[in-house]
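Take a look at the structure set out below.
The values are calculated or read from the model by the stated rules, or taken from the named source; none is laboratory data. These numbers come from a predicted model, not from an experiment. Cβ sites come from the backbone with ideal geometry, for glycine too, and all protein chains shown count toward neighbours. Protein only, heavy atoms only, side chains kept; ligands, DNA and RNA dropped before computing areas. Shrake-Rupley method; radii C 1.70, N 1.55, O 1.52, S 1.80 Å.
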Amino acid sequence: MADQTTFRGIMGNYPTGVTVVTANTPEEEPVGLTVNSFTSVSMDPMLISWSIDKNVSTHDVFASQEHFNVHVLAEDQGDLCMLFATKGTDRFSKIEWANSQYNAPIINGYTGLLECKVFKTVDAGDHTMIIGEVIGADNNETAPLLYHQRNFGRIPQEFYK
Ligand SMILES: Cc1cc2nc3c(=O)[nH]c(=O)nc-3n(C[C@H](O)[C@H](O)[C@H](O)COP(=O)(O)O)c2cc1C
């Protein structure tokens, strides 16, 4: 027997990094949200996936656009993580960003950036899983932000001299 409380508890006890995923609407408005369902899928071709809740206001934009960017957050980007998880705020007016060559917003300060082209979308319960092919990448190799049980964490300093 599996119940949702146990499932939620086990998943909350699974530590992750944090990403912010961005795209443009057909009207060229930037949209984005905080995501920790991000994971690597394939090396050849280079594929990643993440899942978006069907209740997120920009779900239909992400489920239908062609390009998106995944920003792997650096350890000092906890505020950005919270900004992009807070409803009812104009997220992009509060940060520095610019459009990429593929016309998707790039936010500065990341430790890693993956520019993606949609490979496949999969209807998955109350979420849509989006699989992206990596067509551009930038690695700043700085320490990442960690997330566990609704708290932020850091990689011990000795790993990032
Ligand atoms: C650490 C963290 C990870 C999150 N991961 C996801 C995720 O993987 N998928 C998702 O749909 N929402 C995720 N969320 C929640 C969304 O960021 C949030 O529901 C969304 O920004 C709401 O956008 P809206 O105001 O446009 O509806 C996460 C939130 C936090 C704080």
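Around the amide H of Ile106, modelled in the peptide plane, lie the amide H atoms of Ala98, Asn99, Ser100, all under 5 Å away and 5 or more residues distant in sequence or on another chain. Couplings 3J(HN,Hα) for the stretch 9-15, derived from phi with the Karplus relation 6.51 cos²θ - 1.76 cosθ + 1.60 (θ = phi - 60°), are x, 5, 5, x, 8, 9, x Hz, where x marks Gly and Pro. Take the chain with all the other protein chains still there, run a 1.4 Å probe, and you get 61 Å² of accessible area per residue.
Dividing the mean sequence gap of close Cα pairs (under 8 Å, 6+ apart) by how many residues the stretch 19-154 holds gives a relative contact order of 28 percent.
Projecting label points 7 angstrom from Cα along Cα→Cβ for Thr39 and Ala124 puts them 0.8 nm apart.
The distance from the alpha carbon centre of the stretch 106-139 to that of the stretch 10-38 is 9 Å, rounded to a whole number. Taking amide H as placed 1.01 Å from N in the peptide plane, the amide H of Ala143 sits under 5 Å from that of Glu75, each at least 5 places away or on another chain. 3J(HN,Hα) along the stretch 19-24: 10, 10, 9, 10, 7, 10 Hz, from the Karplus curve 6.51 cos²θ - 1.76 cosθ + 1.60 with θ = phi - 60°, whole Hz, x for Gly and Pro.
Could you name the aspartates and glutamates whose alpha carbon sits less than 12 Å from that of Lys54, not counting residues in the same chain fewer than 8 places away? Cα-Cα hits under 12 Å: Asp123, Asp126.
The aspartates and glutamates within cross-link reach of Lys117, meaning a Cα-to-Cα straight distance under 19 Å and a gap of 8 or more places when in the same chain, are Glu27, Glu28, Glu29, Asp44, Asp60, Glu66, Glu133, Asp138. Summarising the amide proton neighbourhood of Met46: residues at separation of 5 or more, or on other chains, whose placed amide H is nearer than 5 Å comprise Val134. Phi angles across the stretch 98-115 convert, under the Karplus curve 6.51 cos²θ - 1.76 cosθ + 1.60 with θ = phi - 60°, into 3J(HN,Hα) values of 8, 6, 7, 5, 9, 6, 9, x, 10, 9, 6, x, 5, 8, x, 10, 10, 8 Hz, Gly and Pro given as x. When every Cα-Cα distance of the stretch 19-154 is counted in 5 angstrom steps from zero, the calculated P(r) takes the values 2, 10, 21, 25, 23, 14, 4, 0 percent.
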